[in-house]
1. Please verify whether region 42-60 includes one or more residues that are more than 22 Å from the chain's Cα centre (by Cα), over 17 Å from Phe177 (Cβ atoms) and modelled with pLDDT of 95 or more.
2. What's the total number of residues in region 101-113 that are open to solvent by 50 Å² or more (accessible area, probe 1.4 Å) and part of a helix (DSSP H, G or I)?
3. Look at region 20-64 and say how many of its residues are touching a helix residue (DSSP H, G or I) at 6+ places or on another chain (Cβ under 8 Å) and part of a loop (DSSP other than H, G, I, E, B).
4. Which numbered condition trips up Leu189, out of (1) touching a residue at least 60 places away in the same chain (Cβ under 8 Å); (2) aliphatic (A, V, I, L, M); (3) within 30 Å of Ala141 (Cβ to Cβ)?
5. So is Phe209 in contact with an Asp or Glu (Cβ under 9 Å, 6 or more places away or on another chain), closer than 30 Å to Gly18 by Cα and open to solvent by 40 Å² or more (accessible area, probe 1.4 Å) or not?
6. For region 182-194, check the following and say yes or no: at least one residue is open to solvent by 30 Å² or more (accessible area, probe 1.4 Å), assigned to a helix (DSSP H, G or I) and hydroxyl-bearing (Ser, Thr, Tyr).
7. So, in region 114-129, how many residues would count as being surrounded by fewer than 20 Cβ atoms within 10 Å (Cβ to Cβ) and in a helix (DSSP H, G or I)?
8. Which one of these does Leu86 not meet: (1) in contact with a helix residue (DSSP H, G or I) (Cβ under 6 Å, 6 or more places away or on another chain); (2) of a type in the set (A, V, I, L, M); (3) open to solvent by 20 Å² or more (accessible area, probe 1.4 Å); (4) in a helix (DSSP H, G or I)?
Amino acid sequence: MSQLPSYVHGASDKPLIGETIGRFFDAACARHAEREALVVRHQNVRLSYAALRRKVDALACGLMRLGFQPGERGGIWSQNNLEWALTQFATAKAGLVMVNINPAYRTSELEYAINKVGCSGLIVSPAFKSSDYLAMLGELAPELAGCKAGALRSDRMPTLDKVIRMGEGRTPGMLNFDDLLVAPTREELQALETLGEALQFDDPINIQFTSGTTG
């Protein structure tokens, strides 16, 4: 039996937006280029729409440069921050499915989430509150200590090969988030634009593992 997408429309005269996140984001950034788009007080960050788009495009190109392919799952395990916002839009523009993992998860829950959806990449904050994310990840994947960054081969999480850590520190086996924000080449930006033209507005872009409060 064939399966067709299902669309739910609430009590409103406004039609659903038939555009991808990437196209809608780009249009908003062009329309409000100099207006303030994002404020992250605890990181002392204020970005205009134009500046936000430049960072999002740089990250999207950086993810593509690492070899991520449309449809792949990329997890993020972090508290709210600038990196989260950039990842939300960049993964959508690169055709990836962002898997947001509950910041309160422990090692067994992280392992379950990664394996359940087959994440090939994970962006991780070093720590939050009492959770040492890097230590927990190292417990699950001790292979990180001796592998080349971006080339993990984990017994317990076999689909995961690229781990990207936030912050200025360096951790064996992990790539650094800020390194993905280097200015993209003209060819990389063109490749991102070409990819965006092929994406569809009903392609999946998000899988959520939450505590239940999201509902």
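The values are calculated or read from the model by the stated rules, or taken from the named source; none is laboratory data. Since this is a predicted model, take the numbers as computed values, not measurements. Every residue, glycine among them, receives a Cβ derived from its backbone with ideal geometry; neighbour counts consider all protein chains shown. The accessibility values were calculated without ligands, DNA or RNA, using every heavy atom of the protein model including side chains. Shrake-Rupley method; radii C 1.70, N 1.55, O 1.52, S 1.80 Å.
1. No, every residue in region 42-60 fails to be more than 22 Å from the chain's Cα centre (by Cα), over 17 Å from Phe177 (Cβ atoms) and modelled with pLDDT of 95 or more.
2. 3
3. Result for region 20-64: 5.
4. The one condition Leu189 does not meet is (3).
5. no
6. Looking through region 182-194, at least one residue is open to solvent by 30 Å² or more (accessible area, probe 1.4 Å), assigned to a helix (DSSP H, G or I) and hydroxyl-bearing (Ser, Thr, Tyr).
7. 3
8. (3)
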